[in-house]
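Before any comments, here is the structure.
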Amino acid sequence: MIESKINDWDPRLGDEARAYTSFISQNFPAPKNLTLQAMRERSENVHAKVNEKLIGTFKGIEEERKIKIDENIDIPITIYTPANVTKDKMVIYFHGGGWTIASRKTHQTIVNMLADATKSIWISVAYRLSPEHKFPIWLDDGCEVTRQILANKTAYGADENTKIGVAGDSAGGLIAASVCHTIKNLDFQILVYGAFDFADGTESHKEFTSSEHILTPAVLSWFNSNALRNENDKKDPRASVLLYESFDGIPPCLFIVAELDPLRDDSYEYQKKLEKAGIKTKLVLIKNIIHSFFSLPGIYEKTCGQAIEAVKEFMDSL
């Protein structure tokens, strides 16, 4: 729950961040007990309310499909094809939510807006969530879905020459980044305030700890404990991509970073590693903003507009 008074909030918070924090405190205070069901319901309800005016405005084609990853498991995907689509690029998207909450539904609005802005097909993936399915299941789902789409891209609306990239925010940003280390023939990646190290040891993790920052240490700890099997998983580069030493075959990367976010420095550090390895990168820092803005364009209109424009420019440059 947001307990601090508005006058005590971080003075760096911009108008949209303050509006969101006020909205959450008044309408959807975090449950005192971070139960799985309560947090999932809260995430769905927050997104439905915030994005209410934007839901249903996508004028393209929405198609539900399933990708079979073994005899017993089908992973649902949604293919969003804008009305004025080109076949230059296609994006496979992994939603955020701490590997535990959120869904294709919560992130549908921003993915629709990205598809429209880039005139590209975006495919949203319902990877299996923790704690029911801990690491590496959610990552393996992402890898296998990506592998099958790459192998059969014309079956998903692309042409043979279409460039295929991955994207994701927060937990989904980690999945997208890690997929690029396993699947070597991707063309680009878009990482929005990704969580790239489960050690949580950067300075930004220590700086942004107040309730108005939303993603507090308690919430991060809850997500991490859900996502991983044990402490050893934190040392696995597939889960903590900052631990990778080889970056062979990693595609160009766009980082979108929130200034007032405990995960901010994860992006700074990962960009340094990619740049040192000779990977083309671009980092766009969104000022005066907190974590989780990306999937909430109903409140973060200007902020999401800036992020969407950055994605469009990056994709156009490839």
Item to complete: Looking only at the stretch 120-136, decide whether some residue is surrounded by fewer than 17 Cβ atoms within 10 Å (Cβ to Cβ), out of contact with any strand residue (DSSP E or B) (no Cβ under 8 Å at 6 or more places or on another chain) and in contact (Cβ under 8 Å) with a residue 40 or more places away in the chain.
Response: yes
Worksheet item: Filter the stretch 143-177 for residues that are crowded, with 22+ Cβ neighbours inside 10 Å and hydroxyl-bearing (S, T, Y); which is nearest to F198 (Cα to Cα)?
Response: S170
Item to complete: Answer yes or no as to whether S295 is touching a strand residue (DSSP E or B) at 6+ places or on another chain (Cβ under 8 Å) and farther than 20 Å from A199 by Cα.
Response: yes
Discussion item. Step by step: first the residues of the stretch 283-305, then only those that are exposed (fewer than 15 other Cβ atoms within 10 Å of the Cβ) and without any contact (Cβ under 8 Å) to a residue 40 or more places away in the chain, then the one that is farthest from V111 (Cα to Cα). Which residue is that?
Written reply: L285
Worksheet item: If you check L13 against the conditions, is it of a type outside the set (F, W, Y), over 30 Å from D316 (Cα atoms) and in a loop (DSSP other than H, G, I, E, B)?
Response: yes
Practice prompt. Evaluate the following for I67: is it free of Cβ contacts under 8 Å to residues at least 40 places away in the same chain and of a type in the set (A, V, I, L, M)?
Written response: no
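Every number in this text was worked out from the coordinates using simple rules, so none of it is lab data. Since the structure is predicted, the reported quantities are computational estimates derived from the model, not experimental observations. FYI the Cβ positions are ideal-geometry reconstructions off the backbone, even for glycines, and counts take in every protein chain you see.
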